[in-house]
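Single-structure report; data block below.
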Amino acid sequence: MVSERDPGSLELAERVLRHADALGATQAEVLVDQTESRLTRFANSEIHQNVAESNTMVNLRFVDGRRVGCASTNRTDDAALRRLAESAGRIARLMPEGDEDVHLPGPAPIAYVHGAAAVATAEATPELRAAAAREVIAAADASGVQAYGSFTTDLEHVALANSLGVRAQEARTWSQLITVAMGAAGEAGYAEAAAVDCTSIDAAAVGREAAEKARSAREPVSVPPGDYPVVLEPYAVVDLLDMLGYLGFSALAVQEGRSFFEPGKVIGSPLVTIVDDAEDLAGAPISFDYEGVPKQRVPLVEAGVCREAVYDAQTAARAGRRSTGHGLPAPNPYGPFPLNMIMSAGDASRDELVGGLDHGLLVTRFHYTNPVHPKLAIVTGMTRDGTFLVEHGRVVGPVRNLRFTQSYLDALAGVQAVGRERRLLRGFLGASLVPALRIGAFTFTGATEH
Amino acid sequence: MPELTDRALDTAVQRGATFADVRQTRRAEESIAIKSGRVEGVSFGESEGFGVRVLVDGAWGFAASNRLTVAEADRMAAEAVRIARASATALRHRVQLDDRPPARGTYQTPVVEDPFALSVERKVGDLLAADEAMRRVPGIGFTEVRYDAQREWKTYASSDGSLVEQEITHVGAVIEANAVNGDDMQRRSYPDSAAAGGYEWVRDLDLAGNGERVASEAMQLLVAPQCPPMRTTVILHPSQLYMQIHESCGHPCELDRVYGTEASYAGTSFLTPDGLGTFRYGSELIDIVADATVPGGLGTFGWDDEGVAAQRVPLIEAGRHVGYLTSRETAPRIGRQSGGAMRADGWNRIPLIRMTNINLLPRPGMSFDDIVADTDEGLLLATNRSWSIDDRRLNFQFATEMGWQVKGGKVGQLYKNPTYTGITYEFWGSCDAVADERSYTLFGTPNCGKGEPGQNGHVGHGASGARFRDVQVGVGKW
């Protein structure tokens with residue numbers, strides 16, 4: 001295991017707290033985020049970008065009564081830390097008095113998860129990542145296509161201290177291998193694997209999956225836009241969860257009236273259950289949020305019914321309840337987000353999911369999705385890297401990519417079957433564990449040329 | 001700190017780099033967020049560090065650190081060389097850079113009123129006044145005002161003799177009113193833009209003076225009928241046309257994307273080199289340039305992050321595709337020299353080919369109002385609300401905040417949730433009017449994502465407004 005304790009981080013945070021206290025802060029919170037990020041990128045079956053970064057960010061939230069000032073720096077000498085406190089304090093004191101109390105969280109026992117970090121990822125070398133890239137490239141070569149992708153190995157050490165007594169620190173690692181295999185005519189296939197421990201990623205298998213899908217995507221035909229039943233692979237399903245999490249599962253979105261989310265409201269089929277659970281070892285476990293609050297398991301949707309949104313300290317105070325441990329670094333005008341979503345598995349094999357389509361589409365993943373109407377969760381985007389026509393339960397061949405304009409809430413309501421296999425994937429909100437889904441109707445509104 | 005940059009270059013070369021460059025950057029950022037009368041967040045951030053990029057055995061390596069010491073310069077240079085050697089184990093083409101004389105000099109964004117010197121109290125006061133103006137409109141659901149300022153001091157040095165120093169300042173602001181009724185929510189914003197310059201740019205926006213209009217229009221949208229599906233003429237206001245340029249011209253003209261280096265993330269491009277000089281991108285009215293020299297643009301600088309001087313590069317001339325955004329590595333592949341479009345998001349990122357200011361040039365003849373008056377039937381669309389385009393930049397769909405029916409040359413019925421969609425070259429080919437300079441506006445897009453690890457680009461777009469025929473609008477089920 002990577003050491004969860006880095007005395008330097010908490011000591012750094014304590015030093016900033018002392019500066020804030022000396023400047024008269026009524027409350028203060030310090031986040032120290034140390035990162036060692038490495039990424040090897042390949043395209044046209046060769047490594048073309050290969051980077052490493054080492055950084056330490058120190059964030060201070062300085063509270064003066066009902067006024068808050070935030071400042072950050074990546075300088076860690078004492079003069080810089082004093083300037084940090086002075087900046088945040090000066091900002092706070094120039095603010096107009098707020099109309100609500102500021103609620104930093106108080107200390108609560110943290111049950112540290114085991115499995116937030118892996119030493120192999122923390123110590124991954126450029127040679128290890130290059131070897132993985134070569135395995136992906138070899139799989140592409142064997143199929144007569146080219147490989148494009150990246151292999152990430154990240155180490156983050158998070159430490160938090162606040163003036164109410166919160167002390168928390170944890171090492172976290174993350175690794176992710178993504179691959180697009182592409183043939184001479186542009187036919188493409190996608191595969192991805194992600195894990196806390198990079199040695200659990202089978203690069204050759206990822207390469208083979210993408211390459212085989214690219215081969216099967218050759219010579220696509222056009223199908224007309226319209227409503228189709230679909231099977232969405234997990235790579236597409238993760239976008240559904242991310243977008244719903246972004247648009248609706250945040251307590252701030254609910255409090256501002258811009259969310260579809262209401263406890264007790266039916267938004268999905270009875271087959272749909274989504275929780276946010278940072279303790280599940282099948283996900284990317286972490287123990288506390290960026291306010292130092294222990295992560296809680298939050299049932300977001302149970303059997304299609306909205307249950308709870310996620311809260312940070314401030315939205316919880318407004319609602320008269322406790323934070324669920326979903327705070328982000330201050331200042332955060334966007335509110336809390338679920339960063340560890342897990343969708344319950346069903347009992348259908350992939351063949352059974354596809355077998356249930358009489359005339360429909362198998363979609364590998366989505367591209368460039370964006371909300372058209374946030375409250376109705378209407379989203380537009382494209383299919384990409386492997387879209388296939390299914391007739392009478394069998395994949396009959398590739399089709400050109402389609403644009404959809406679809407309410408993701410209606411998609412959840414239309415879930416007919418859920419896959420029993422799940423994948424850990426990284427979307428734009430965090431790491432999610434998701435199955436494939438069969439959905440009764442999905443609205444495709446346009447087509448493209450490939 | 002020339003000692004650090006010199007040391008990093010020396011160590012890289014001593015360890016086998018045939019080329020090396022180093023960027024040392026300090027960035028200061030200030031942001032203010034106001035929500036419904038409440039100051040939601042005010043922050044000031046500083047980040048400083050350096051990144052060493054090397055070529056070894058024809059392969060790239062890069063390492064960056066926030067520790068500004070000579071020892072760390074040695075360590076990062078050595079790490080970059082080690083990474084490059086690992087890259088070389090999976091290399092099929094050695095990188096070749098274009099040959100050019102060393103760059104030397106300094107550049108500074110012209111600023112009248114230093115946004116970092118002005119008191120936070122004063123800026124918050126201005127923004128609260130705009131928020132209050134919006135909230136005076138009865139029935140408005142919630143409001144937001146955001147302000148951002150960023151200044152970068154960066155030194156670029158390379159093993160082939162370049163040394164340039166730049167100080168670049170950007171500011172941006174938006175006010176936003178949201179009207180809510182049951183499941184419906186309508187947003188109206190102004191101007192959601194940014195510029196190179198000082199606080200004078202924010203002052204000129206007159207945010208408070210526009211607050212009531214913005215909020216009133218949000219309320220009007222709530223009761224407006226849904227935009228009907230149809231094929232019709234579309235007139236794009238500059239506040240939407242800039243985003244059309246960004247997605248369907250700026251990105252596909254990035255030559256790294258064309259050569260597949262973004263294929264696993266953002267995709268590739270339909271603008272392949274075999275069509276350079278001949279491919280019909282749009283109608284003869286379309287002239288688009290990448291201009292890093294225009295005052296006030298988010299894509300304006302002295303030199304790019306490879307030490308290549310700012311330039312004005314034609315991308316589309318009279319509707320034909322004639323140029324790309326290029327780097328020292330990619331330009332020689334089309335027989336050209338770098339157009340100076342390599343930009344990095346801070347000290348800890350490598351430079352990538354990014355947009356500078358991608359501008360659709362105005363055409364003398366018709367004003368924007370003349371174009372509206374000249375249109376028998378159509379839709380006038382303003383202010384981008386959402387965007388999406390496929391992985392080769394062909395099939396796009398945009399939503400705007402406002403859509404008005406145009407009938408007999410007059411602006412009439414307001415529609416909500418307007419959308420339009422098309423195929424890039426067909427759409428630009430259907431353009432039969434581009435407005436003159438009277439409505440020409442330089443917009444700033446401070447949130448252009450690209451690359452892995454992700455980089456946020458600040459890019460500019462000039463547009464005066466244009467008309468397009470036979471466009472599908474009103475997409476989706478409502």
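The values are calculated or read from the model by the stated rules, or taken from the named source; none is laboratory data. Since the model is a prediction, treat every value here as computed from it, not as a measurement. For neighbour counting, all protein chains shown are included, and Cβ atoms are generated from backbone atoms with ideal geometry for every residue, glycine included.
Condition first: part of a loop (DSSP other than H, G, I, E, B) and without any contact (Cβ under 8 Å) to a residue 24 or more places away in the chain. Now tell me which residues in region A:122-144 satisfy that.
A:E123, A:T125
In region B:340-358, which residue that is touching a helix residue (DSSP H, G or I) at 6+ places or on another chain (Cβ under 6 Å) and away from chain A (no Cβ under 14 Å) is nearest to B:A290 (Cα to Cα)?
B:I358
For region A:315-346, what are the residues that are away from chain B (no Cβ under 14 Å), touching a residue at least 24 places away in the same chain (Cβ under 8 Å) and among the small types (G, A, S)?
Answer for region A:315-346, where residues must be away from chain B (no Cβ under 14 Å), touching a residue at least 24 places away in the same chain (Cβ under 8 Å) and among the small types (G, A, S): A:A316, A:A319, A:S323, A:G325, A:S344, A:A345, A:G346.
Look at region A:296-313 and say how many of its residues are part of a loop (DSSP other than H, G, I, E, B) and crowded, with 23+ Cβ neighbours inside 10 Å.
So the count comes out to 3.
In region B:37-93, what count of residues is obtained for those that are facing chain A (nearest Cβ under 7 Å), charged (D, E, K, R) and assigned to a helix (DSSP H, G or I)?
Residues in region B:37-93 being facing chain A (nearest Cβ under 7 Å), charged (D, E, K, R) and assigned to a helix (DSSP H, G or I): 2 in total.
Could you please let me know if B:R136 is more than 13 Å from chain A (Cβ to nearest Cβ) and more than 26 Å from the chain's Cα centre (by Cα)?
yes
Please go through (1) in contact with a Lys or Arg (Cβ under 9 Å, 6 or more places away or on another chain); (2) buried (at least 24 other Cβ atoms within 10 Å of the Cβ) for B:Q337 and return the number of the only condition it doesn't satisfy.
It fails just one condition, (2).
If you take the residues in region B:366-394 that are in a strand (DSSP E or B) and buried (at least 24 other Cβ atoms within 10 Å of the Cβ), which one is farthest from the other protein chains (Cβ to nearest Cβ)?
B:L380
Does B:Y265 count as part of a loop (DSSP other than H, G, I, E, B) and either of a type outside the set (K, R) or on the phi < 0 side of the Ramachandran plot (or both)?
Judged against the criteria, B:Y265 is a match.
Please go through region A:23-47 and give me each residue that is among the β-branched types (V, I, T) and either away from chain B (no Cβ under 13 Å) or in contact with a Ser or Thr (Cβ under 6 Å, 6 or more places away or on another chain) (or both), ordered by number.
Answer for region A:23-47, where residues must be among the β-branched types (V, I, T) and either away from chain B (no Cβ under 13 Å) or in contact with a Ser or Thr (Cβ under 6 Å, 6 or more places away or on another chain) (or both): A:T26, A:V30, A:V32, A:I47.
On the basis of being more than 18 Å from the chain's Cα centre (by Cα) and over 29 Å from B:V137 (Cα atoms), does B:M230 make the cut?
yes
Based on what the data block shows, is A:S349 within 21 Å of the chain's Cα centre (by Cα) and more than 10 Å from chain B (Cβ to nearest Cβ)?
Answer is no for this residue.
Take B:L255 and decide whether it is over 30 Å from B:A133 (Cβ atoms) and not small (G, A, S).
yes
Is it the case that region B:253-269 has a residue that's surrounded by fewer than 23 Cβ atoms within 10 Å (Cβ to Cβ), more than 27 Å from B:R146 (Cβ to Cβ) and out of contact with any Lys or Arg (no Cβ under 9 Å at 6 or more places or on another chain)?
Yes: one or more hits.
I'm trying to understand the selection: among the residues of region B:1-49, which are closer than 30 Å to B:L207 by Cβ and among the small types (G, A, S)?
Correct list: B:A28, B:S31, B:A33, B:S36, B:G37, B:G41, B:S43, B:G45, B:S47.
Against the definition (buried (at least 21 other Cβ atoms within 10 Å of the Cβ) and either at pLDDT 95 or above or closer than 30 Å to B:I350 by Cα (or both)), how does B:V164 come out, yes or no?
yes
Please list, ordered by first then second residue, the pairs with beta carbon atoms under 7 Å, 6 or more apart or interchain, first in region A:40-54 and over 22 Å from A:Y190 (Cβ atoms) and free of Cβ contacts under 8 Å to residues at least 24 places away in the same chain, second among the aromatic types (F, W, Y) and crowded, with 22+ Cβ neighbours inside 10 Å.
Every condition considered, the pairs that remain are A:V51/B:F62.
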